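Engineer: The structure under discussion is supplied below as structure tokens; questions concerning it will follow.
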Amino acid sequence: MTEIEETNHKAPTKTQVAIIGAGPSGLLLGQLLTKAGIDNVILERQTGEYVLGRIRAGVLEQGTVNLIREAGAGARMDKEGLIHTHTDFSFQGEHYQLDIEKYSGGKHVVVYGQTEVTRDLMEEREKAGAITIYEADSVKLHDIESDQPYVTYQHNDELHRLDCDYIAGCDGFHGPSRKAIPSNKIEEYEKVYPFGWLGLMSDTPPVNDELVYCAHERGFALCSMRSPTRSRYYIQVPDTDKIENWTEERFWKELKRRIPPEMAERLVTGPALEMSIAPLRSYVCETMQYGKLFLLGDSAHIVPPTGAKGLNLAASDVDTAYRLFVKIYKEGRTDLIPRYQEICLARVWKAVRFSWWMTMLLHRFESGGRFDFRVQQAEFDYFIHSDAGKTTIAENYVGLPFEALE
Ligand code: FAS
Ligand code: PHB
């Protein structure tokens, strides 16, 4: 693993764009701004190693791939990423292949872990000499409604102040940015699902060439991967479940009961490199820009991972924010600021809808009983056997087009 050097620069006191959070949103925005000559500093609460230790997304839309390349961080992704032109589904063990390239008019997705995207962006940022302050504690946003916003933070037991023109809140769902917006100015929407995803990563060959989203009366399962030798699996568990209740053996046994029998037969099991439970929710904060603060990625929206949209939505927010900052700094186009929220929300809600629809289609809702399960079966049967249905799934899965600022 490439050691991520601590960027031990003298603490900066002024920048153009202060970015809070060194996850994919913050790092991708930072890299694009640096390449455009727009000064930026990232403040990250954790260490670089901690950020890299989080196991998250695995599927990149074409728009995300293009943006990572534009940021100059795509070399390893292009070499190691797996192009997927199909995505598979199963319902009660019956296996269906969906040609997403055919039904999306020629697009595909790339399977390449978020951890690797983050690592590549961290390394490019280090090479560019851009400043990331890791272990920045107690980050606070100040005067975001004024022309002189600033951020304060603790680092090595010292209080620091960073003056800036704009703040990019890339600090995820639990970060301080969204909370800096007055509560009477925020418009929020949320739906919590009664289950989570228990994920397992193993150095075993993937059970199938394509990803397989499996609906089953025992619950949802997903067979994914990171490489030809590293697999990623998930099973739906009740929202009350705890990781302590699960052993690797129990996980493999349950997974085999939910995937198609021929896959269960050939499944190669092995020790878990990581096992964790992620809760599922849909959340949208419609206030994505307030004064000099912009919210990007998980700080503004959360989707259930069923549609593989979380990371990709973050990337589309970055695309819009980056192009807006270039317009502002190169052409003085502050009149375009309201377009940020307009463009982002139009795309966010379509991705929220698709992720919600995939979740409702493929998960088992105990409260729904037999009737709802039959309706799910009929919905699945219609979509997987109709060209209109397959086109709808494919178009959304590969990602809707990015909208231009003007
Ligand atoms: P992130 O949460 O990744 O990054 C925010 C950064 O801000 C973090 O590094 C955090 O340490 C930092 N931060 C937080 N508070 C701070 C503070 N006070 N000061 C400074 N920094 C602070 N998406 C998919 O598409 N597929 C998946 O399978 C999938 N699985 C997921 C599993 C889990 C457990 C979670 C939580 C999310 C998952 N997601 C998945 C969604 C995920 O990939 C996000 O969409 C993606 O990480 C969004 O990136 P960011 O917006 O950068 O937010
Ligand atoms: C993953 O590989 O982690 C993954 C893939 C597709 C999803 C969710 C997670 O929809």
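The values are calculated or read from the model by the stated rules, or taken from the named source; none is laboratory data. Quick caveat: nothing in here was measured; it's all calculated off a predicted structure. Glycine also receives a Cβ, built like all others from the backbone with ideal geometry; neighbour counts cover every protein chain displayed.
Engineer: Pairs, please: C-beta under 9 Å, at least 6 apart or cross-chain, first residue over 23 Å from THR87 (Cα atoms) and free of Cβ contacts under 8 Å to residues at least 40 places away in the same chain and in the stretch 48-71, second part of a helix (DSSP H, G or I) and among the basic types (Lys, Arg)?
Structural biologist: Short answer, once both residue conditions are applied: GLU70/LYS35.
Engineer: Right, here's the next one. Scanning for something assigned to a helix (DSSP H, G or I), out of contact with any helix residue (DSSP H, G or I) (no Cβ under 9 Å at 6 or more places or on another chain) and at pLDDT below 95, does the stretch 309-332 turn up at least one residue?
Structural biologist: no
Engineer: A further question follows. Being among the polar types (S, T, N, Q), crowded, with 19+ Cβ neighbours inside 10 Å and within 16 Å of ligand 2 (Cβ to nearest atom), is that true of even one residue in the stretch 193-202?
Structural biologist: Yes.
Engineer: Another question, if that's okay. Step by step: first the residues of the stretch 90-126, then only those that are surrounded by fewer than 17 Cβ atoms within 10 Å (Cβ to Cβ) and polar (S, T, N, Q), then the one that is farthest from ARG232 (Cα to Cα). Which residue is that?
Structural biologist: Across the stretch 90-126, the extreme among qualifying residues is GLN92.
This table checks each residue for (1) over 21 Å from the mean Cα position of the chain (by Cα); (2) away from ligand 1 (no atom under 15 Å from the Cβ); (3) among the β-branched types (Val, Ile, Thr).
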| position | (1), (2), (3) |
| --- | --- |
| VAL212 | no, no, yes |
| ALA215 | yes, yes, no |
| PHE220 | no, no, no |
| SER231 | no, no, no |
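Engineer: Return only the number of the condition from (1) acidic (Asp, Glu); (2) away from ligand 2 (no atom under 16 Å from the Cβ); (3) in contact (Cβ under 8 Å) with a residue 60 or more places away in the chain that GLU331 does not satisfy.
Structural biologist: Of (1) acidic (Asp, Glu); (2) away from ligand 2 (no atom under 16 Å from the Cβ); (3) in contact (Cβ under 8 Å) with a residue 60 or more places away in the chain, only one is false for GLU331: (3).
Engineer: Considering each of VAL117, VAL110 in turn, give the residue that is within 16 Å of ligand 2 (Cβ to nearest atom), of a type in the set (A, V, I, L, M) and closer than 20 Å to SER355 by Cα.
Structural biologist: Working: VAL117 fails: closer than 20 Å to SER355 by Cα.
Just one listed residue meets the conditions, VAL110.
Engineer: Please state which of the following conditions ILE42 fails to meet, knowing it meets all the rest: (1) in a strand (DSSP E or B); (2) within 16 Å of ligand 2 (Cβ to nearest atom).
Structural biologist: Just one mismatch for ILE42, condition (2).
Engineer: With respect to GLY389, is the statement that it is under 17 Å from the mean Cα position of the chain (by Cα), under 30 Å from HIS108 (Cβ atoms) and not polar (S, T, N, Q) true?
Structural biologist: Judged against the criteria, GLY389 is not a match.
Engineer: Go through the stretch 120-157 residue by residue and tally those that are at pLDDT 95 or above and either part of a loop (DSSP other than H, G, I, E, B) or away from ligand 1 (no atom under 13 Å from the Cβ) (or both). I'd like the intermediate steps shown before the answer.
Structural biologist: Looking only at the stretch 120-157, we keep the residues that are at pLDDT 95 or above, and these are 120-155.
From what's left, either part of a loop (DSSP other than H, G, I, E, B) or away from ligand 1 (no atom under 13 Å from the Cβ) (or both): 120, 123-131, 134-136, 142-150.
Adding up the residues that qualify gives 22.
Engineer: Free of Cβ contacts under 8 Å to residues at least 12 places away in the same chain and among the acidic types (Asp, Glu): does that describe GLU187? First the steps, then the outcome.
Structural biologist: On the way: free of Cβ contacts under 8 Å to residues at least 12 places away in the same chain: no; among the acidic types (Asp, Glu): yes.
Judged against the criteria, GLU187 is not a match.
Engineer: Please verify whether the stretch 365-382 includes one or more residues that are within 16 Å of ligand 1 (Cβ to nearest atom) and either part of a helix (DSSP H, G or I) or among the small types (Gly, Ala, Ser) (or both).
Structural biologist: First, the residues of the stretch 365-382 that are within 16 Å of ligand 1 (Cβ to nearest atom): none.
Looking for residues that are within 16 Å of ligand 1 (Cβ to nearest atom) and either part of a helix (DSSP H, G or I) or among the small types (Gly, Ala, Ser) (or both), one finds none in the stretch 365-382, hence no.
Engineer: When the stretch 159-181 is examined, which residues are found to be outside any loop (DSSP other than H, G, I, E, B), farther than 12 Å from GLU145 by Cα and either within 16 Å of ligand 2 (Cβ to nearest atom) or touching a residue at least 60 places away in the same chain (Cβ under 8 Å) (or both)?
Structural biologist: HIS160, ARG161, LEU162, ASP163, ALA168, GLY169, ARG178
Engineer: Give the residues of the stretch 246-271 that are without any contact (Cβ under 8 Å) to a residue 12 or more places away in the chain and within 19 Å of ASP203 (Cβ to Cβ), sorted by residue number. It would help to see each step written out before you state the result.
Structural biologist: In the first step, residues of the stretch 246-271 are kept if they are without any contact (Cβ under 8 Å) to a residue 12 or more places away in the chain; the result is 247, 249-250, 253, 256, 264-265.
Within the stretch 246-271, THR247, GLU249, LYS256 meet the criteria.
Engineer: Is at least one residue of the stretch 162-181 more than 30 Å from LEU43 (Cα to Cα) and polar (S, T, N, Q)? Spell out the reasoning first.
Structural biologist: Step one: filter the stretch 162-181 for residues more than 30 Å from LEU43 (Cα to Cα), giving none.
No, that holds for no residue.
Engineer: Looking at ALA18, ALA22, ALA57, ALA36, which one is surrounded by fewer than 19 Cβ atoms within 10 Å (Cβ to Cβ) and not hydroxyl-bearing (Ser, Thr, Tyr)? Can you show your working first?
Structural biologist: Details: ALA18 fails: surrounded by fewer than 19 Cβ atoms within 10 Å (Cβ to Cβ); ALA22 fails: surrounded by fewer than 19 Cβ atoms within 10 Å (Cβ to Cβ); ALA57 fails: surrounded by fewer than 19 Cβ atoms within 10 Å (Cβ to Cβ).
Unique residue meeting the criteria: ALA36.
Engineer: With the requirement that a residue be part of a loop (DSSP other than H, G, I, E, B), out of contact with any Asp or Glu (no Cβ under 8 Å at 6 or more places or on another chain) and at pLDDT 95 or above, what does the stretch 54-97 give you? Working first, answer last.
Structural biologist: Step one: of the stretch 54-97, the residues part of a loop (DSSP other than H, G, I, E, B) are 54-58, 61, 71-74, 81, 85-86, 92-93.
Then keep just the ones that are out of contact with any Asp or Glu (no Cβ under 8 Å at 6 or more places or on another chain); that gives 54, 56-58, 61, 81, 93.
GLU61, GLY81 - these are the residues of the stretch 54-97 that are part of a loop (DSSP other than H, G, I, E, B), out of contact with any Asp or Glu (no Cβ under 8 Å at 6 or more places or on another chain) and at pLDDT 95 or above.
Engineer: Continuing with the same structure: With ASP387, ASP298, ASP317 as the choices, which residue is within 16 Å of SER282 (Cβ to Cβ) and either touching a residue at least 40 places away in the same chain (Cβ under 8 Å) or of a type in the set (A, V, I, L, M) (or both)?
Structural biologist: Working: ASP387 fails: within 16 Å of SER282 (Cβ to Cβ); ASP317 fails: within 16 Å of SER282 (Cβ to Cβ).
Criteria check complete, one pass: ASP298.
Engineer: Let me ask you something else. Which pairs turn up if I take residues in the stretch 90-104 that are among the β-branched types (Val, Ile, Thr) and look for partners that are surrounded by 21 or more Cβ atoms within 10 Å (Cβ to Cβ) with beta carbon separation below 6 Å, at least 6 apart in sequence or on another chain?
Structural biologist: The qualifying pairs are ILE100/THR87; ILE100/ALA394; ILE100/TYR397; ILE100/VAL398.
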